[in-house]
1. Within the stretch 56-76, can you find the residues that are within 26 Å of A224 (Cα to Cα) and surrounded by 14 or more Cβ atoms within 10 Å (Cβ to Cβ)?
2. Limited to the stretch 180-198, what total is found for residues that are among the small types (G, A, S) and over 15 Å from T7 (Cβ atoms)?
3. Only one of S234, S188, S192 is within 21 Å of H119 (Cα to Cα), surrounded by 13 or more Cβ atoms within 10 Å (Cβ to Cβ) and under 20 Å from the mean Cα position of the chain (by Cα); which?
4. So which pairs qualify, if the first residue must be in the stretch 210-228 and farther than 15 Å from I34 by Cα and outside the structural domain of I34 (by TED's automatic domain parsing), the second must be assigned to a helix (DSSP H, G or I) and at pLDDT 95 or above, the Cβ gap must be under 7 Å, and the two must be at least 6 apart or on different chains?
5. Within the stretch 39-55, can you find the residues that are buried (at least 23 other Cβ atoms within 10 Å of the Cβ) and either without any contact (Cβ under 8 Å) to a residue 40 or more places away in the chain or touching an Asp or Glu at 6+ places or on another chain (Cβ under 6 Å) (or both)?
6. Taking the condition under 15 Å from the mean Cα position of the chain (by Cα) and either at pLDDT below 95 or part of a helix (DSSP H, G or I) (or both), does G183 pass?
7. Check off (1) without any contact (Cβ under 8 Å) to a residue 60 or more places away in the chain; (2) assigned to a helix (DSSP H, G or I) for R194 and give me the number that stays unchecked.
8. Does L109 satisfy the condition of being surrounded by 12 or more Cβ atoms within 10 Å (Cβ to Cβ), more than 22 Å from V25 (Cβ to Cβ) and under 13 Å from the mean Cα position of the chain (by Cα)?
Amino acid sequence: MPDPKRTLVVIPARGGSKRLPRKNVLPLGGKPLILHAVDVALAAAPFGRVMVSTEDPEIKTVALTRKGVSVDDRADILAGDKVKVVDVIGELVDRDDVRADFDVIGMMLPTFPFRTPAHVREGFEGLSRDFDAALSFMPYDFSPQSAVTFDAAGAMQTLYNPSPLITGNTRSQDQAPTYRPSGAFYFSWIDSFRRLRSFFTGRVRGVTMPPAIDIDNAQDFDYAQFLIERGYVSIL
């Protein structure tokens, strides 16, 4: 298992969200969304550093209300709509001080509020030198083996061959389980990330967890608030 003290956990939180403006500071369950990620990171393990990467003054102020959290003032060139979070991570792992102080880079997206410290700890402990990265995955709600697309004339084209729609084997319990990335946690050796420039290439260990909400729009946010208010989920 890697050394948590030699691990940098980054929470990327841009201020310019379009689908749900200011989502990272909107109050969910009594505290700003960004703090759900911060609190879980702090509780998961004694990581060497928990860092919020942002260009936004309000997000910075909110993040710094938590003892033990640092803020990296993100350059404007890394804060635009088309910038990917892997670009932010890539810039960090190329810094001399980061490479000197840390062996592992972790990332937790702030839009995934229902992960727990146990989820993050399991993911971190799943990283070994046999793998380049350990990532969180959730099961698909519906079997993608039955996925189709349509050609220009509107005719159905199956994406899997043989498709269960054609073979008649449509019972969901008969389909092989499939998973998608959840955004709860990403851990990679820094040397692997610098070489591969991705969490998803190389040898990747998948750590599965139950389905949960990834907040992208107002409907997602309202549903998450409903689940908390009704006591269907618990938060720190």
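1. Once the filter is applied, which keeps residues that are within 26 Å of A224 (Cα to Cα) and surrounded by 14 or more Cβ atoms within 10 Å (Cβ to Cβ), the stretch 56-76 yields D56, E58, I59, K60, V62, A63, R66, V69.
2. Residues that pass the stated criteria total 4.
3. Only one candidate qualifies: S188.
4. Short answer, once both residue conditions are applied: none.
5. Passing the criteria: only S53.
6. So G183 fits the description; yes.
7. (1)
8. For L109, the condition - surrounded by 12 or more Cβ atoms within 10 Å (Cβ to Cβ), more than 22 Å from V25 (Cβ to Cβ) and under 13 Å from the mean Cα position of the chain (by Cα) - is not met.
The values are calculated or read from the model by the stated rules, or taken from the named source; none is laboratory data. None of the values given here were measured: they were computed from a predicted structure. Glycine also receives a Cβ, built like all others from the backbone with ideal geometry; neighbour counts cover every protein chain displayed.
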